[in-house]
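The structure under discussion appears below in the form of structure tokens.
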């Protein structure tokens, strides 16, 4: 899959932003006034910034409001609705914290639930696609949710929770990669099933339908950059989980915490880049590629 | 609505004969022509006369070489367009309801004025049947020439999809695959028509007729080596010319 920067930025930062909103909604840390404002600002910049970035890959962003209609069948539509509900509820909850010094816990819990649902629905947009076997597995939502909760805990300053959740998220990330590597072969889709010519003999793509490239090849058959996948996985897991955990185990220091957050974000960005770049769409088989 | 209908009154679709297709790409061109000039946004090209031409097509012809365990390899031309699946994953993922499957005939269409160009339907399609138009930024797909098949302004013979009307080899057939007595259903039953990627669970309406077994090559004539050889040396003027040129 083509790793579009808009989608990588969207999934990374909205995941982190909604992760922080989950913790804030549940009252961790229990802050009010300007401190609460600072936390809320960071969470909203990330969550809303990510959502805005996601509209950059739309052909017609001016029609984006229509995307709230089809929640009965579409995970993308459900995600939009959950995101708006979460942001509105948390804005009211945040106003209570910042301006009235009051923690309306019920609103916070509702906001946290919808923030979690937003991350889950985002992951389901990818998980539902049988055409991309690497994504079409239960570890995809586990991967998105664990990273969101871990990143949120890290930014919310919940040191103990962050250490545990970062280790869990790192383990799930590794499992997602290892299991994901075999998903295409397990899916049973190959050139023989794509062309239904396998009972005659072995099928080879002889000639593509066109001399140049096309939308399908640009969007789905992105092979550039898979070469360094193993190195990037190591870089990603070190930055995402190992380094932040080590920094959190050291005596607490705001600068070290900031480095831990930045390392985590960089690690997740690399993981998301790999998430798209390594994903193989079955349509590539018609072109004899993956 | 992007939820799929429980059932459709008809299942209009194509039957593509891989035994007959000669790979001429006439269906590709006629499809592009009809669908650029008629219903919906035109199918644009980018850098059409430059170094990197690219464009939107609703129908493309692949060619595959199939090597049996024994004997010669076969070249098989393979036209591919939307299969108008009964369980179309492209429809249910659409957030706006722009993609839909018609209850009356099962055709999968895109309402272009509702399409936000998110591309998710193309991600969900295993067949590569949907292409985002780089100019109009909306999703384009085969309409089964919905503006031809019911068009009473056209002579009756033309009320079939453009690709079917054009095919010089008769490799493409159009009809109701939901009716077991229709010509296309009988053809599929007789020739053992198949679904592409059945494991994807899309239940495609379009069927592909597999290539029939090739005739075996005839036994070489055992007496041929004993026949008088065909004259190899030129005679007359050419013979003289040959010798004269040889001497120079």
Within the stretch B:61-87, residues being facing chain A (nearest Cβ under 7 Å) and surrounded by fewer than 20 Cβ atoms within 10 Å (Cβ to Cβ) number 7
What are the residues in the stretch B:1-24 that are under 30 Å from residue B:215 (Cα atoms) and buried (at least 20 other Cβ atoms within 10 Å of the Cβ), if any? B:14, B:15, B:16, B:17, B:18, B:21
Name every residue in the stretch A:66-94 that is within 9 Å of chain B (Cβ to nearest Cβ) and in a helix (DSSP H, G or I), in order of residue number. A:66, A:67, A:68, A:75, A:76, A:77, A:78, A:79, A:80
Return the residues of the stretch A:160-190 that are within 13 Å of chain B (Cβ to nearest Cβ) and either within 18 Å of the chain's Cα centre (by Cα) or closer than 30 Å to residue B:59 by Cβ (or both); say none if nothing qualifies. A:184, A:187, A:188, A:189, A:190
Tally, over the stretch A:135-157, of residues that are in contact with a helix residue (DSSP H, G or I) (Cβ under 6 Å, 6 or more places away or on another chain) and more than 19 Å from residue A:184 (Cα to Cα): 14
Suppose the filter is within 19 Å of residue B:177 (Cβ to Cβ) and facing another protein chain (nearest Cβ under 10 Å); does residue B:53 pass it? no
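Per-residue answers, yes or no, for (1) within 30 Å of residue B:50 (Cα to Cα); (2) at pLDDT 95 or above:
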position: A:212; (1), (2): yes, no
position: A:231; (1), (2): no, no
position: A:266; (1), (2): no, yes
position: A:286; (1), (2): yes, yes
So which residues in the stretch B:199-219 are surrounded by fewer than 18 Cβ atoms within 10 Å (Cβ to Cβ), more than 23 Å from residue B:75 (Cα to Cα) and in contact with a helix residue (DSSP H, G or I) (Cβ under 9 Å, 6 or more places away or on another chain)? B:199, B:201
When you scan the stretch A:241-248, do you find a residue that is surrounded by 20 or more Cβ atoms within 10 Å (Cβ to Cβ), over 14 Å from residue A:162 (Cα atoms) and within 18 Å of the chain's Cα centre (by Cα), even just one? no
Select from the stretch B:88-114 the residues that are assigned to a loop (DSSP other than H, G, I, E, B) and at the interface with chain A (Cβ under 7 Å from one of its Cβ atoms) and write down the one among them that is farthest from residue B:6 (Cα to Cα). B:114
Restrict the check to the stretch B:86-99 and report whether at least one residue is out of contact with any helix residue (DSSP H, G or I) (no Cβ under 7 Å at 6 or more places or on another chain) and free of Cβ contacts under 8 Å to residues at least 12 places away in the same chain. no
Any residue in the stretch A:121-129 that is over 13 Å from the mean Cα position of the chain (by Cα) and either more than 9 Å from chain B (Cβ to nearest Cβ) or under 24 Å from residue B:200 (Cβ atoms) (or both)? yes
Given the condition within 14 Å of chain B (Cβ to nearest Cβ), assigned to a helix (DSSP H, G or I) and closer than 30 Å to residue B:79 by Cα, answer yes or no: does some residue in the stretch A:268-281 qualify? yes
Restricting attention to the stretch B:196-211, and to residues there that are facing chain A (nearest Cβ under 9 Å) and out of contact with any strand residue (DSSP E or B) (no Cβ under 7 Å at 6 or more places or on another chain), which single residue is nearest to residue A:190 (Cα to Cα)? B:197
Which numbered condition trips up residue B:31, out of (1) surrounded by 15 or more Cβ atoms within 10 Å (Cβ to Cβ); (2) over 22 Å from residue B:117 (Cβ atoms); (3) under 17 Å from the mean Cα position of the chain (by Cα)? (2)
Quick one: count up the residues across the stretch A:211-228 that are part of a loop (DSSP other than H, G, I, E, B), surrounded by 18 or more Cβ atoms within 10 Å (Cβ to Cβ) and more than 7 Å from chain B (Cβ to nearest Cβ). 2
Going through the stretch A:191-207 in order, the residues found to be more than 7 Å from chain B (Cβ to nearest Cβ) and either free of Cβ contacts under 8 Å to residues at least 40 places away in the same chain or closer than 16 Å to residue B:70 by Cβ (or both) are A:192, A:198, A:199
Out of curiosity, is residue A:231 closer than 30 Å to residue B:134 by Cα and surrounded by fewer than 17 Cβ atoms within 10 Å (Cβ to Cβ)? no
Provide a single number: the residues in the stretch B:111-130 that are farther than 21 Å from residue A:7 by Cα and free of Cβ contacts under 8 Å to residues at least 24 places away in the same chain. 3
Filter result (in a helix (DSSP H, G or I) and either within 12 Å of another protein chain (Cβ to nearest Cβ) or in contact (Cβ under 8 Å) with a residue 24 or more places away in the chain (or both)) within the stretch B:185-195: B:187, B:188, B:191
Considering every residue within the stretch B:141-161, establish whether at least one is under 30 Å from residue A:132 (Cα atoms) and surrounded by fewer than 20 Cβ atoms within 10 Å (Cβ to Cβ). no
Looking only at the stretch A:176-203, which residues are closer than 19 Å to residue B:79 by Cα and part of a helix (DSSP H, G or I)? A:191, A:192, A:193, A:194, A:195
Does the stretch B:139-157 contain any residue that is under 21 Å from the mean Cα position of the chain (by Cα), assigned to a helix (DSSP H, G or I), more than 8 Å from chain A (Cβ to nearest Cβ) and more than 22 Å from residue B:8 (Cα to Cα)? yes
Which ones in the stretch A:40-59 are touching a helix residue (DSSP H, G or I) at 6+ places or on another chain (Cβ under 9 Å), modelled with pLDDT under 95 and either within 14 Å of another protein chain (Cβ to nearest Cβ) or crowded, with 20+ Cβ neighbours inside 10 Å (or both)? A:50, A:51, A:53, A:54, A:55, A:56, A:57, A:58
Are any of the residues in the stretch A:253-262 under 21 Å from the mean Cα position of the chain (by Cα), closer than 30 Å to residue B:50 by Cβ, away from chain B (no Cβ under 14 Å) and surrounded by 13 or more Cβ atoms within 10 Å (Cβ to Cβ)? no
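The values are calculated or read from the model by the stated rules, or taken from the named source; none is laboratory data. As the structure is a prediction and not an experimental result, all values here were calculated from the model. Every residue, glycine as well, gets a Cβ built from its backbone with ideal geometry; the counts of neighbours run over all protein chains shown.
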